[in-house]
Amino acid sequence: MDAPPGDGLLSPLAFMREDDSSDDRFYVVPRKVVHIDDGAIAALGALYAEVLPRGGRLLDLMSSWRSHLPPDFGARAVVGLGMNAEEMADNPQLTSHVVHDVNRHPRLPFADAEFDGAMCAVSIQYVIHPVRLLGEVRRVLRPGAPFVVSFSNRCFPSKAVAVWLDTTDEQHVTLVRSYFHAAGGFTDLTDENRSPRRGDPLYAVRARASSGTLDPRATSP
Ligand SMILES: C[S@@+](CC[C@H](N)C(=O)[O-])C[C@H]1O[C@@H](n2cnc3c(N)ncnc32)[C@H](O)[C@@H]1O
């Protein structure tokens, strides 16, 4: 991936990371842990229950050991995309998974409009080409399908982009909204503070794939 990070949204410096080595090095060791506490996981599951379609084919972008869907959710398929095969193989909610580095290859290995919904939990801070990636998520969603991006206040700092480390939780919401705007092709952009009264905060920014024509940038290699 030769293009400078940030997709022109901000200075490329904003998307530099302390550890800019290939992500497969950092994620080679499986981490079978959750990254938010039980209250935030419950809040995320409740949000998914409200927003994601039942019986559909879902994409869990930047997936790991758990997907945080409610236990009885009843998706037809949940496809995980992440960096560690062992973590995803041990995720009971995934029906299949693929190892794919979105920082090296923002193009997603899926066909147009093959998903009924998508989610990216507590991971958007690691993405160095967020506009291209969201354009790709738009491409693989059918029109009307939701995409939920959630985050809390923790991260692996060496792998988070500089702009994330330099900004507040509220500014993270604005930043993620700007990713959706810049990617284009989404409608009903909404942000919510779904934080439980105690413990880890939980924020979500979500939108639906619009029914208009895809931006050609979203389909280029
Ligand atoms: C903090 S964990 C979150 C995992 C999971 N979404 C959750 O809610 O527990 C970050 C995840 O992002 C994935 N990830 C990090 N960099 C990535 C990249 N360049 N391409 C694809 N996935 C990546 C890792 O595999 C890891 O599972």
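The values are calculated or read from the model by the stated rules, or taken from the named source; none is laboratory data. Worth saying up front: this structure is predicted, and the values here are computed from it rather than measured. Reconstructed Cβ throughout: ideal geometry from the backbone, glycine too, with neighbour counts over all protein chains shown. What goes into the accessible areas is simple: the full protein's heavy atoms, side chains included, and nothing from ligands, DNA or RNA. Shrake-Rupley method; radii C 1.70, N 1.55, O 1.52, S 1.80 Å.
Values for this structure:
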| item | result |
| --- | --- |
| Neighbour net charge for SER210 - beta-carbon separation under 9 angstrom, K R +1, D E -1 | +1 |
| Cα coordinate range in segment 85-185, projected on the principal axes (Å, largest first) | 35, 33, 23 |
| Cα Rg, Dmax (largest Cα-Cα span) when computed across segment 1-72, Å | 16.6, 43 |
| Rounded to whole Å, sorted largest first: equivalent-ellipsoid semi-axes of segment 40-81, Cα gyration tensor | 15, 14, 8 |
| Given charges at Cβ of Lys, Arg, Asp, Glu: the chain dipole, positive-most of ALA118, THR168, ILE41 | ALA118 |
| Under Karplus coefficients 6.51, -1.76 and 1.60, residue-wise ³J(HN,Hα) of segment 109-118 in Hz, glycine/proline x | x, 9, 7, 4, 6, 8, 10, 9, x, 8 |
| Carbon/sulfur fraction of accessible area - segment 1-63, other protein chains in place, 1.4 Å, % | 58 percent |
| Nearest-20 debye value, segment 1-103 charge dipole, Cβ charges on Lys, Arg, Asp, Glu | 440 debye |
| GluC sites (Glu not before Pro), loop per DSSP, at most 16 other Cβ atoms within 10 Å - longest free stretch of the chain | 115-221 |
| Taking the C-alpha atoms of the chain, convex hull volume expressed per residue in Å³ | 108 Å³ |
| Over segment 146-186, volume per residue of the alpha carbon convex hull, in Å³ | 82 Å³ |
